[in-house]
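Structure record follows, encoded as structure tokens.
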2 protein chains.
Amino acid sequence: MRSSYPSPLSPPSLHRILLRLRHSLSTTTATTAAAAAAMATTTEDSLRQALAAKQSTIDASGNAIRQLKSAGASKSEIDEAVKALNALKLEKTSIENQLKASISGGDANGSVVSREAFRQAVVNTLERRLFYIPSFKIYRGVAGLYDYGPPGCAVKSNVLAFWRQHFVLEEDMLEVDCPCVTPEVVLKASGHVDKFTDLMVKDEKTGTCYRADHLLKDHCKDKLEKDLALSAEKAAELKHVLAVLDDLSAEQLGAKIKEYGITAPDTKNPLSDPYPFNLMFQTSIGPSGVSTGYMRPETAQGIFVNFRDLYYYNGNKLPFAAAQIGQAFRNEISPRQGLLRVREFTLAEIEHFVDPDDKSHPKYSEVENLKFLMFPRDEQMSGQSAKRLRLGDAVSKGIVNNQTLAYFIGRVYLFLTRLGINEERLRFRQHLPNEMAHYAADCWDAEIESSYGWIECVGIADRSAYDLRAHTDKSGIALVAQEKFAEPKEVEKLVITPVKKELGLAFKGSQKMVVEALEAMKEKEAMDMKAALETKGEVEFEVCTLQKTVTIKKNMVSISKEKKKEHQRVFTPSVIEPSFGIGRIIYCLYEHSFYMRPSKAGDEQLNVFRFPPLVAPIKCTVFPLVQNQQYEEVAKQISRSLTAAGISNKKDITGTSIGKRYARTDELGVPFAVTVDSTSSVTIRERDSKDQIRVSVEEVAAVVKDVSEGRSTWAIS
Amino acid sequence: MRSSYPSPLSPPSLHRILLRLRHSLSTTTATTAAAAAAMATTTEDSLRQALAAKQSTIDASGNAIRQLKSAGASKSEIDEAVKALNALKLEKTSIENQLKASISGGDANGSVVSREAFRQAVVNTLERRLFYIPSFKIYRGVAGLYDYGPPGCAVKSNVLAFWRQHFVLEEDMLEVDCPCVTPEVVLKASGHVDKFTDLMVKDEKTGTCYRADHLLKDHCKDKLEKDLALSAEKAAELKHVLAVLDDLSAEQLGAKIKEYGITAPDTKNPLSDPYPFNLMFQTSIGPSGVSTGYMRPETAQGIFVNFRDLYYYNGNKLPFAAAQIGQAFRNEISPRQGLLRVREFTLAEIEHFVDPDDKSHPKYSEVENLKFLMFPRDEQMSGQSAKRLRLGDAVSKGIVNNQTLAYFIGRVYLFLTRLGINEERLRFRQHLPNEMAHYAADCWDAEIESSYGWIECVGIADRSAYDLRAHTDKSGIALVAQEKFAEPKEVEKLVITPVKKELGLAFKGSQKMVVEALEAMKEKEAMDMKAALETKGEVEFEVCTLQKTVTIKKNMVSISKEKKKEHQRVFTPSVIEPSFGIGRIIYCLYEHSFYMRPSKAGDEQLNVFRFPPLVAPIKCTVFPLVQNQQYEEVAKQISRSLTAAGISNKKDITGTSIGKRYARTDELGVPFAVTVDSTSSVTIRERDSKDQIRVSVEEVAAVVKDVSEGRSTWAIS
């Protein structure tokens, strides 16, 4: 059942939204180049052209036959022409099939179908065995809210325990746990109150709301998939729209919706113009109603606001990382894609604080030899695909910005593959320059391929000093680090002194902005100005905030370099942020772990989840071979000894056939089954190989514990 | 530092609020008898009387002296009288001191002071070492919101891991994980939308909100504590108000506030009448604004609405338990008591579903011999104190309603004491009849004594079928269980058939309520009516919903018993609910674990948390004795081997003295410290005994793992 589903367009996602927020804070306005996606269209384009050409030939042949008929041609002549026409039609059908397959990104046997059938099989099993349950189901549920049922809850708890072991414990991180309810001021500082929005349109008659980009996207995809007669030019246009979708302004989106005549999907009523809708759940803290709060959209802010205390806790030393696992909330306009886009989800986030002048990592050597699929910017822009790279080479070639970022990429790779993510369906995709906020140094997403396409599951971003600066500005509390020098250093400092009196005379009300612009000059710019003022007496100077150029004269500013003794360096640390969408990782893990195999009798297909013991919801089932008090007693005893050893287990004492009981347990992904077939020794069976070994009753717990915890492997146990 | 703080009044609490909700759904209107508290007043009353008597004597003596003076008595006579008066005043002071001590519930040395000083010492240490941090501190925080800093977060995570092991794994529970965002319909069914309120008053000029009961309580306590001249009658009145505080209606509260002339504490402005304020954080789900949602006030509802699926998952068998750990939210009007009353907190809840006709428990024998402090209803009503009882005796004497409830009480006792709660400061208090909702069969709170008094930390309630019925009614989905009979059973069924025509003629618009009342009759009542109708032809019948008695005639209803064959029994299971306030348990654990001891030089008091290794935030610290590369290398190696063994540890390679480093680590409650004082073997020191043993470098990880995980104890290791 393993199959690969290259999807030209990755779906909108948790990280994309965050990105959008961050991106919207940036000054970059370039279009998103889903350049790799565009390359996949080459075949499709030529097929569309071939199809159009074939259609012309068919039309021409049709005309020719009609002419033959009206000209009274012979029957054999006409039959010959009709036969030729039919052959042409067959060829057309074949091109159509190829085109359909090309659009859906699979082979000519219709992979959209197989992809959706596969997903349906997984989801059916997950829902039937209560891995998840649509929340509040008896009240017909709420879109975008899901419960983890017993096995799902156990998987989640295993994934989080491993996350804690792999990151918090092994990397000596400072874990914190902050509330979900967050006062407005914090999210105002972070930018979420103003910018954490999606564009929405309303059905003008019923008031039903839709995400504007979803409607446009659906329209374009639908056209591309179903309208095979679409010209290659029109197809190219629609694809361009899809590629730049995330970057369209409200006006641009509205214009496209009008141009394509898109109406409300349910009623066909006209739609309003798009307008921003904030995705945070809003509430009120305390009884007075005057204190606005939000349910946090990410856990990171709780860490940033605690920077000062955490830095102190770490002995005022950098680097250090803080981590947080917790719920986050996004009031999606219209949640889609089942478990991938939800209104409440668990995030696990790390904020690694580091000196911006030294982003080396002491444990870098432990990951530099890892090799895995990476998809750097250049490969995306030039339409190539992801490549297996050695991480150390990516750093030394400057593809990955720094060692610390690379170290986390490596650790994330190890984390995901140890959970059971198929490493051939995992890639690290670098953000294109216009996907990143202006302050970000470099960003990589761990993307996992699922039946929905490539899904962003972990974002690993070097966010520079942005977040700490934002909270420093808003709170007035300096979130900074100090480096004490062993002995005082003499440093040359640039001193820019605007002469306010002269500037005031010259620029009146704009004086303040000119002063600020002068003071903000970097060293090179300032020294160039100094030289120009000395030679020419005046210089043209662009003031961004005024959106114009002004003339600065010699008497308006003094620029110099002065020597100072400094005892320490005070700076805002950079933040490297790996952020994990736990629910998405788990869903992808379900897809990667699921397979079907024929029953022993060969009369049905049985479902199996090949979870590694680390994440399996239950490590071991225990069955008596037959219903018999002695065997049941032994089963109980084994179950107790497993529980005491901390191994989750389940007894199945129903009288069902042993094959059926194996099938039930395979469907929950239980790796080991103990069958009690004597009172002294029992059979342990491994799920995937179905291999069996015999072990004495006393040894069962120890053996299962060893293989479950990876101390010994099944092959050698 | 261990001391006991008997407080006559337990503070309002998480469980009290829940209770209030549940209680307010009940029809019982009796007053809350904080009967035990009332008994503590005996001494206080006699002291107040003695004080008043002494004051009269003093007044009389004063008068006598004045008379002596005006009558021109001799100096020696007057001196004698003044001396006697001074002696009386001294006696009065002594009574005042006794009274103060009695009010504050301590000894005559002023235990309020020591209690608060103790709390301050704990809280200072907790805050300085970042066990917790007031949330959003750099923005001056939000009342009732706290972060767990690194050691607090580790303690919490250890407590939750142990909870999972002790309950979910060992009891084979079905764990679920539901969202916090909850649609209105669910909380409408549960009663929270209508009844989950506190009474609030507003400062009529500034609009500042206060909890009405808090103001009244503060007023009464203040009077009682500070006004020593209060008459015993007035004191008794104020104490009665405190005792019935939770049961006062808005009108009664308002009347008392008026009567006592209570004004806004900050401004002394007049206050509004009390009115209910719903404690749920409200929000809106989706963009349309029409779908109201709330942040859940408890996790239990998520389990109830999933009953049908969970019952199926359990093979349609009872009993079974579902469990959930998660955040819950209560928008307190004015949070007080630091970490005990917060606006967002972690709950761990169990819903054990059981056949109401069979509440035995298969593992009951494992707990029946446990003995611990229990505080049954009768002892509270008769003013006695909590008693050490054998759980099995409490069940057999009918004090605890059933085996399953008792089983959970026993398991909770084991859970809390293994965490490190002092068993002498833990009691199980039974709810008084009027504290419980009408449907509840029995309720017990695990109360832990802290510097705030006895704190309800776990509620263990037999809630009968209430919750499942409420959701069945609201959703129309039957949340029921079936018991299939081995062979069909013949049962006699009561059949009540109201004759609607006759009833309509007789009662017109009230017909429907009469019909419903007739149909709702229990067997005995119906058979009595049948007999009366047959002999007398008519009978008086009380219709509660009409609040009057009507006359039912023979032709208005037919009552009979019919025999039916039944193949199964369909019933609504009872729910036994242990509900854990995790934050409260952790706070009490901090207080019970904290002590101070003199430093080696005897010049300062050092703080220690005596956490058991199970909950200690870090299990082991590793220090090189001196700063030396060889020792640091060994320390690193030991730290790595500890991490690989899953033992959380911290290196301290600062050059600080070994004593200071021990002190630092004791203050975090780290149970073991490894000092590297050679390259081949090291010293391991235990925190509380300060005993040291020598272990080879290779063995360190295994030894620490064994003592940390309780496989061997320090004493014998």
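Looking across region A:666-694, the residues that are among the polar types (S, T, N, Q) and under 18 Å from A:Lys705 (Cα atoms) come down to A:Thr675, A:Ser681, A:Thr683, A:Gln692.
When each of B:Gly302, B:Gly261, B:Gly338, B:Gly286 is tested for being on the phi > 0 side of the Ramachandran plot and either basic (Lys, Arg) or in contact with a Gly (Cβ under 9 Å, 6 or more places away or on another chain) (or both), the lone residue that passes is B:Gly286.
If you scan region B:133-156, which residues turn out to be aromatic (Phe, Trp, Tyr), touching a residue at least 12 places away in the same chain (Cβ under 8 Å) and at the interface with chain A (Cβ under 7 Å from one of its Cβ atoms)? Result: B:Tyr148, single match.
Let's see how each residue does on (1) farther than 30 Å from A:Ala437 by Cβ; (2) under 39 Å from the mean Cα position of the chain (by Cα); (3) of a type outside the set (Ser, Thr, Tyr):
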residue: A:Gln568; (1), (2), (3): no, no, yes
residue: A:His592; (1), (2), (3): yes, yes, yes
residue: A:Gln605; (1), (2), (3): yes, yes, yes
residue: A:Pro612; (1), (2), (3): yes, yes, yes
residue: A:Pro617; (1), (2), (3): yes, yes, yes
residue: A:Val622; (1), (2), (3): yes, yes, yes
residue: A:Asn649; (1), (2), (3): yes, yes, yes
residue: A:Asp677; (1), (2), (3): yes, no, yes
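Yes or no, residue by residue, for (1) within 20 Å of B:Asp445 (Cβ to Cβ); (2) surrounded by 14 or more Cβ atoms within 10 Å (Cβ to Cβ):
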{"position": "B:Gln337", "(1), (2)": "yes, yes"}
{"position": "B:Ile350", "(1), (2)": "yes, yes"}
{"position": "B:Asp358", "(1), (2)": "no, yes"}
{"position": "B:Asn369", "(1), (2)": "no, no"}
{"position": "B:Met381", "(1), (2)": "yes, yes"}
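Highlighted here are the strands (runs of 3 or more DSSP E) found entirely within region A:655-717 that include at least 3 residues which are not β-branched (Val, Ile, Thr): A:681-686, A:692-696. When B:Lys636, B:Lys650 are checked against the criterion of being assigned to a strand (DSSP E or B), among the charged types (D, E, K, R) and surrounded by 15 or more Cβ atoms within 10 Å (Cβ to Cβ), B:Lys650 stands alone in meeting it. Checking A:Phe507, A:Phe485 one by one, the residue that is assigned to a strand (DSSP E or B) and among the aromatic types (Phe, Trp, Tyr) is A:Phe485 and no other.
Strands (runs of 3 or more DSSP E) fully within region B:342-412 that include at least 1 residues being within 21 Å of B:Ala323 (Cα to Cα) and within 19 Å of the chain's Cα centre (by Cα): B:344-354.
The residue of region B:32-54 that is modelled with the lowest pLDDT, among those that are under 23 Å from B:Phe375 (Cα atoms) and surrounded by fewer than 15 Cβ atoms within 10 Å (Cβ to Cβ), is B:Thr42.
Per the listing B:Arg390, B:Arg418, the residue uniquely in contact with a His (Cβ under 9 Å, 6 or more places away or on another chain), surrounded by fewer than 17 Cβ atoms within 10 Å (Cβ to Cβ) and charged (D, E, K, R) is B:Arg418.
Is it true that A:Lys256 is surrounded by 18 or more Cβ atoms within 10 Å (Cβ to Cβ) and more than 14 Å from chain B (Cβ to nearest Cβ)? Judged against the criteria, A:Lys256 is a match. The set of residues in region B:600-632 that are loosely packed, with under 14 Cβ neighbours inside 10 Å and either among the aliphatic types (A, V, I, L, M) or in contact (Cβ under 8 Å) with a residue 40 or more places away in the chain (or both) comprises B:Lys600, B:Ala601, B:Val626, B:Gln630.
Inclusion of A:Arg308 among residues that are basic (Lys, Arg), modelled with pLDDT of 95 or more and surrounded by 23 or more Cβ atoms within 10 Å (Cβ to Cβ) is not warranted. Screening B:Gln403 against (1) in contact with an Asp or Glu (Cβ under 6 Å, 6 or more places away or on another chain); (2) at pLDDT 95 or above; (3) among the polar types (S, T, N, Q) leaves a single unmet condition, (1). Evaluation of A:Val159 against the conditions (1) facing chain B (nearest Cβ under 10 Å); (2) more than 30 Å from A:His214 (Cα to Cα); (3) among the aliphatic types (A, V, I, L, M); (4) touching a residue at least 24 places away in the same chain (Cβ under 8 Å) shows that the sole unmet condition is (1).
Evaluate the following for B:Ala189: is it touching a helix residue (DSSP H, G or I) at 6+ places or on another chain (Cβ under 6 Å), within 12 Å of chain A (Cβ to nearest Cβ) and small (Gly, Ala, Ser)? Answer is yes for this residue.
From the list A:Glu170, A:Glu233, the lone residue that is without any contact (Cβ under 8 Å) to a residue 12 or more places away in the chain, of a type in the set (D, E, K, R) and at the interface with chain B (Cβ under 9 Å from one of its Cβ atoms) is A:Glu170. Quick one: would you say B:Ile333 is buried (at least 17 other Cβ atoms within 10 Å of the Cβ), under 26 Å from the mean Cα position of the chain (by Cα) and at the interface with chain A (Cβ under 8 Å from one of its Cβ atoms)? Yes, satisfied. Only one of B:Lys530, B:Lys536, B:Lys474 is out of contact with any His (no Cβ under 8 Å at 6 or more places or on another chain) and loosely packed, with under 13 Cβ neighbours inside 10 Å. Can you tell me which? It is B:Lys536. Among the conditions (1) in contact with a helix residue (DSSP H, G or I) (Cβ under 6 Å, 6 or more places away or on another chain); (2) closer than 22 Å to A:Met200 by Cα; (3) within 8 Å of another protein chain (Cβ to nearest Cβ), A:Pro274 misses just one, which is (3).
Considering only residues that are among the charged types (D, E, K, R) and assigned to a loop (DSSP other than H, G, I, E, B), look in region B:291-314 and name the one that is nearest to the other protein chains (Cβ to nearest Cβ). Applying the filter and picking the extreme gives B:Arg296. Among the conditions (1) surrounded by 21 or more Cβ atoms within 10 Å (Cβ to Cβ); (2) under 29 Å from A:Ser593 (Cβ atoms), A:Asp467 misses just one, which is (2).
Scanning region B:102-121 finds one or more residues that are assigned to a loop (DSSP other than H, G, I, E, B), polar (S, T, N, Q) and in contact with a helix residue (DSSP H, G or I) (Cβ under 8 Å, 6 or more places away or on another chain). With the condition kept exactly as written, say whether any residue in region A:201-213 is under 30 Å from the mean Cα position of the chain (by Cα) and away from every other protein chain (no Cβ under 11 Å). The answer is yes; a qualifying residue exists.
Conditions (1) at pLDDT below 95; (2) within 23 Å of the chain's Cα centre (by Cα), marked per residue:
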| position | (1), (2) |
| --- | --- |
| A:Gln120 | yes, yes |
| A:Leu126 | no, yes |
| A:Leu130 | no, no |
| A:Ile138 | no, no |
| A:Asp147 | no, yes |
| A:Pro150 | no, no |
| A:Ala161 | yes, yes |
| A:Phe167 | no, yes |
| A:Glu170 | yes, no |
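The values are calculated or read from the model by the stated rules, or taken from the named source; none is laboratory data. Computed from a prediction, not measured in an experiment: that's the story for all the values here. Glycine gets a Cβ as well: all are built from the backbone with ideal geometry, and neighbour counts include every protein chain shown.
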